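What follows is one structure encoded as structure tokens, with my remarks underneath.
The values are calculated or read from the model by the stated rules, or taken from the named source; none is laboratory data. Remember, it's a predicted structure, so these values are computed and weren't measured experimentally. Using ideal geometry, Cβ is built from the backbone for each residue, glycine included, and neighbour counts are taken over all protein chains shown. These area figures cover heavy atoms from the full protein model, side chains too; ligands, DNA and RNA do not enter into them. Shrake-Rupley method; radii C 1.70, N 1.55, O 1.52, S 1.80 Å.
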Amino acid sequence: MYKKILMPVDVFEMDLSDKAVRHAANLAKAEGASITLVNILPNSSRSLLRGFNADIKKFEEYMTVESEKKMTALKRLFDISPNDIHCKVCFGNVRDEIIRLSKEGDYDVIVIGSKNPSMTTHLLGSNAESILRYATIPVLVVR
């Protein structure tokens, strides 16, 4: 049923992803699916930092390399073949990038970790809630 799983992770705040990792791994094992881990980093505010484009580019390159290192280490938590786990780093809005990737990559399901609801998430919303609202494929939200 699910052959391609898209799993957004925040490699700099793994508390959200720990439980989701286990669910995604179990789903992948049961279905013989592949998992794509994706870390979305915020766009640098180029309009505020005009004249520092070289520094912005260096910072984005550094963050990309660090994210890839952390996602490679994260592969150890999965009990499926490392060949079935792919990694991506993107810059932009979390919701928009996940929705775009889910369509472009022809994924079957999105597995995402979420914090327990609190007053701030009820008032402001969360990435998981936003993805759930706009996704065109099934979304498994793990708390």
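V38 passes all but one of (1) farther than 16 Å from V139 by Cβ; (2) under 11 Å from the mean Cα position of the chain (by Cα); (3) modelled with pLDDT of 95 or more; which number fails?
(1)
Give the residue that is least open to solvent (accessible area, probe 1.4 Å), with candidates limited to residues of region 1-31 that are farther than 16 Å from L77 by Cβ and at pLDDT 95 or above.
Among them, the one singled out is L6.
Identify all residues within region 75-100 that are more than 12 Å from the chain's Cα centre (by Cα) and crowded, with 16+ Cβ neighbours inside 10 Å; write none if there are none.
If the condition is that a residue be more than 12 Å from the chain's Cα centre (by Cα) and crowded, with 16+ Cβ neighbours inside 10 Å, then K75, F78, I80, D84, I85 are the ones that fit.
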